[in-house]
Amino acid sequence: MKQINAVNDLLSFIQLIKQQNKTIGIVPTMGSLHSGHDSLIKRCKKENNITIVSIYVNPNQFNNKNDFLNYPRTLDADINRLKTLNCDILFSPSDKEISKILNPNFKLKLGNLNKYLEADNRPGHFEGVINIVAKLFEITSPNKAYFGEKDLQQLLIIKQLCLQKFKNIQVISCATVRNAGGLAKSSRNKHLTEKELIIARSIYKVLNEVKKNKLDWSVKKAKDYVRKYLNNLSINLDYFEIIEIEKFSFTQEINTNCNYYAMIAVTIRETRLIDNLKL
Ligand code: AMP
């Protein structure tokens, strides 16, 4: 595996790859890699000649300074993991290198995607995500880009980014990887104690309970159920909503013609976790 830190070195490498008519897949990450990331990288390896994994803890997408400062950084372990996966290129730039890439000067039409849930709870977060992903797309010109369904709202926004600004890039969505107890893998799980990791399994448990009862419960009943269930476990509920995925709109009732997702964000002590489940 080749590790590249400088934008100019990456640009030269990409030029070479393009001359050889090889396809490029990119997996943007913030590092502290786990098996959720592995699944994206493995799929990328299968579908492209060259796999680029980027590791960059992007300060602009953190709306909370402590979250940024405490975000787990495990570059040496990440490098070993990427070598085992036979990743071709690790791009791990500094802030200074990233600042050498021009800021994209467009505004996406995102409608509800930039209004509700994570957009509402983390002001500026998606602007930061769009900025860094657009920069990475700009310098790597990938054929395909891999994103996880765990961050569903982000995935839908990146799909819009490609539809509106990077039409040649195909966004590949990858299923959420969970641990044996059902907890979605996340770099932030490293902040949880053994006991909290067990409690956190309830997030997926309540989502499944809502799914099981989707035709019998009103949305209000589902919301009350989730709030009470998590409250009893001292899990702080940031939001629980059922959205219709096409319009990314809140729904008050479920009918069988539309596609719905249960979307949840919680805080356990100081660690914020998100998850979702297709109903
Ligand atoms: P992050 O490093 O958390 O920014 O995540 C990088 C990419 O990995 C994003 O596209 C995430 O959606 C994806 N990802 C993170 N956790 C998981 C997971 N448990 N399952 C699938 N994809 C994931």
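A few comments on the model shown:
- Calculated FRET value between K2 and A180, using beta carbons and R₀ = 41 Å, to 0.05: 0.75
- Net charge of Cβ neighbours under 13 Å - reference N168; Lys, Arg +1; Asp, Glu -1: +3
- Relative contact order for region 19-94, counting Cα pairs under 8 Å that sit 6 or more residues apart, in percent: 39
- Counting all C-alpha pairs of the chain, share separated by more than 24 Å (%): 52
- Structure-based [θ]222 nm, the chain - -39500 (n - 2.57) summed over DSSP H runs of at least 4, per residue, nearest 500: -11500 deg cm²/dmol
- Other residues with beta-carbon under 11 Å from the beta-carbon of I139 carry, at +1 per Lys or Arg and -1 per Asp or Glu, a net charge of -1.
- Theoretical FRET efficiency, 1/(1+(r/R0)^6), r = Cβ-Cβ of Q19 and K205, R0 41 Å, to 0.05: 0.20
- Inverse of mean 1/r across different Cα pairs in region 176-275, Kirkwood, Å: 14.1
- For the pair K115 and D238, the difference between a 0.36 nm per residue extended length and the Cα-Cα distance amounts to 42.7 nm.
- Net charge of the neighbourhood of R227, taken over other residues with C-beta under 15 Å away and scored Lys/Arg +1, Asp/Glu -1, is +1.
- Annotation: per residue accessible area for the chain equals 51 Å², rounded to a whole number [probe 1.4 Å, protein chains only].
- When the inverse distances between all different Cα atoms of region 226-279 are averaged and flipped, the Kirkwood radius reads 12.0 angstrom.
- Among I17, Y116, S202 the positive-end extreme of the charge dipole of the chain (Cβ point charges): I17
- Listed cross-link partners K135/K167; K107/K190; K46/K144; K18/K107; K150/K205; K45/K150 are compared with a 23 Å cut-off, the Cα-Cα value being larger for K107/K190; K18/K107.
- Cα→Cβ-extended label distance, 7 Å offset, between K167 and E253, nm: 4.2
- Counting only whole DSSP H helices of the chain, the ones at least 15 Å long by C-alpha along their axis and with mean Kyte-Doolittle hydropathy no lower than -1.0 are 7-19, 125-140, 152-164, 201-212.
- Dipole moment magnitude, nearest 20 debye, region 232-279 about Cα centre, only Lys, Arg, Asp, Glu C-beta charged: 120
- Separation of alpha-carbon centers, region 115-188 and region 228-279, rounded to whole Å: 18
- Protein accessible area in region 192-279, 1.4 Å probe - carbon and sulfur %: 46
- Sites W217 and T74 - FRET efficiency at Förster radius 41 Å, r taken between beta-carbons, to 0.05: 0.50
The values are calculated or read from the model by the stated rules, or taken from the named source; none is laboratory data. On a predicted model such as this, the values are computed, not experimentally measured, just so you know. Neighbour counts run over all protein chains shown; Cβ positions are idealised from the backbone, glycine included. For the accessible areas, the whole protein counts, side chains as well, though only heavy atoms, and no ligand, DNA or RNA atoms are used. Shrake-Rupley method; radii C 1.70, N 1.55, O 1.52, S 1.80 Å.
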